[in-house]
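Student: This is the structure I want to talk about, given as structure tokens.
The values are calculated or read from the model by the stated rules, or taken from the named source; none is laboratory data. This is a predicted model, so every value here is computed, not measured. Reconstructed Cβ throughout: ideal geometry from the backbone, glycine too, with neighbour counts over all protein chains shown. Keep in mind that these areas ignore ligands, DNA and RNA; they rest on the heavy atoms of the full protein, side chains included. Shrake-Rupley method; radii C 1.70, N 1.55, O 1.52, S 1.80 Å.
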Amino acid sequence: MRHELVVIAERLGVALKEREWHLATAESCTGGLVSMALCACKDSGDFYSSGFVTYTNRAKQKVLSVRDETLDTYSAVSQETVCEMALGALTVAEEDVSLSISGYAGPEGGVDGTPVGTVWFAWAILGNIIEAKPKQFSGNDEDIIYQAAYYALERLILLVKNLPPSNV
């Protein structure tokens, strides 16, 4: 695992511990890399509880309660799907914070005109989606996976730190 991924995971751990929050993750294209980085942190159990790798649509449906209609209408790589994944992870894990990731890392092409390197993210805090957005990454499949994992953690640090104290 790349050292910078563990460093950013440790920074997220500090931010979550400051608020006494615990994180759950829902990953598709990153295949558990975010979870692995979080588990590599010292005292990760103080801020991280569980990770769900739901690579197939069926897993997204069964584990995280992503609706059939969502997948049929919008696809697995969409704002709607990652929002349902993030909320599903919060519900199943019964935690404060979640992040979800779904995308096309390659090496084969994406579908429906969505190119390889397209990744959707969603972050939920205290039962609400705080942000959902796509990013386009480049490189081979390994590069895209690492970039997506790093971005998901880095963005969550900013979201947690920028929430007003009244949301604690």
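Student: I'd like to verify a number: residues in segment 110-128 that are outside any loop (DSSP other than H, G, I, E, B) and either modelled with pLDDT under 95 or over 12 Å from the mean Cα position of the chain (by Cα) (or both), how many?
Tutor: Counting residues in segment 110-128 that are outside any loop (DSSP other than H, G, I, E, B) and either modelled with pLDDT under 95 or over 12 Å from the mean Cα position of the chain (by Cα) (or both) gives 3.
Student: Tell me, which residue of segment 54-74 that is β-branched (Val, Ile, Thr), within 17 Å of the chain's Cα centre (by Cα) and surrounded by fewer than 18 Cβ atoms within 10 Å (Cβ to Cβ) is nearest to residue 16 (Cα to Cα)?
Tutor: Looking at the filtered set, the residue picked out is 63.
Student: Would you be able to say whether some residue in segment 40-51 is assigned to a helix (DSSP H, G or I) and open to solvent by less than 30 Å² (accessible area, probe 1.4 Å)?
Tutor: Within segment 40-51, one or more residues are assigned to a helix (DSSP H, G or I) and open to solvent by less than 30 Å² (accessible area, probe 1.4 Å).
Student: Within segment 130-151, track down each residue that is among the β-branched types (Val, Ile, Thr) and open to solvent by 60 Å² or more (accessible area, probe 1.4 Å).
Tutor: 130
Student: Is it the case that residue 153 is assigned to a helix (DSSP H, G or I), within 24 Å of residue 22 (Cβ to Cβ) and under 11 Å from the mean Cα position of the chain (by Cα)?
Tutor: yes
Student: Identify the residue in segment 74-90 that is among the hydroxyl-bearing types (Ser, Thr, Tyr) and not in a loop (DSSP other than H, G, I, E, B) and, among all such residues, is nearest to residue 123 (Cα to Cα).
Tutor: Once the filter is applied, the top-ranked residue is 81.
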